[in-house]
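None of the figures in this text is laboratory data; all of them are computed from the coordinates on show. As the structure is a computational prediction, the values presented were derived from the model and not from experiment. A quick note on method: Cβ atoms are made from the backbone with ideal geometry, for glycine too, and the neighbour counts reach across all protein chains shown.
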Amino acid sequence: MTSTLSNLLYHVVFSTNGRLSLIHEDVEQKLHAYIGGIVRAYGGVALEIGGTDNHVHLLLKLKPSLPLAHILRFVKAGSSKWMNESQTIKDRFGWQRGYGAFTVSESQADRVRNYIRSQKFHHMKQSFEDELAILLIKHHVSYDPKYVLD
C-alpha cells in the first residue's frame, strides 16, 4: 500500500478541574466551537462536542500521524487559556489532568453522537462520576476509583 488509510474515531471525556460548574450556558457553544477549531488546526475533525457545566464529551476523527495524547494536550491547554482570557468567569478555569478515551467503530458513530448530544438530559439522572465509571467498565478499562478523578 502506497499510502496510509485510516478512520480513527475516538470518544473522549474529561471534566473541569475539581468538577466545578464553570461551563455556563452563555459560553458553552463558543467553547465547543473553540475546541473544534483546535482539533481542525491539527488536521482532525470534531464530529460532535457536548457536555454539561462541568465536563465535555468529544467524538473526534484524527489522523494517525497525531497521537491522541498530543491533540488533547493542545485542546485542553488552548481552551483553558481562551476561557481564562476571554470569558468572565468567577473562578480560574482549568481541565482535570486526565481523560477517558475510547475507540469507536464507524458502525457506532451515530450512536455515540446521539449520546453526546443528550448529555444534559442524561445528567438529570446520573452524575458525571457514575457516568465515567460505567464507560470505563463498558470498555473494559481497569481503574482504581481513588485515582480516576482528580
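Observations
- A straight Cα-to-Cα reach below 17 Å connects Lys120 with the aspartates and glutamates Glu25, Asp26, Glu28, Glu48, Asp53, Glu129, Asp130, Glu131, residues fewer than 8 places away in its own chain not being considered.
- Pairs of Cα atoms nearer than 8 Å and 6+ residues apart set the relative contact order; for region 8-143 it is 35 percent.
- Residue order, fewest to most beta carbons within 10 Å, for Leu59, Leu135, Leu5: Leu5, Leu135, Leu59
- Helical content of the chain, expressed as a calculated mean residue ellipticity at 222 nm, amounts to -13000 deg cm²/dmol (DSSP H runs of 4 or more residues, -39,500 (n - 2.57) each, divided by residue number, nearest 500).
- Scattering profile of region 8-143 at q = 0.09, 0.15, 0.16, 0.21 Å⁻¹ [log10 I(q)/I(0), Debye over alpha-carbon scatterers]: -0.24, -0.70, -0.80, -1.44
- Positive-end residue of His70, Gly100, Phe128, charge dipole of the chain with Cβ unit charges: His70
- Modelled label positions at Lys146 and Leu20, each set 7 Å beyond Cα in the direction of Cβ, lie 2.7 nm from each other.
- For the chain, the longest piece that avoids every one of the trypsin sites (Lys or Arg not before Pro) found in DSSP loops with at most 11 other C-beta atoms within 10 Å covers 1-89.
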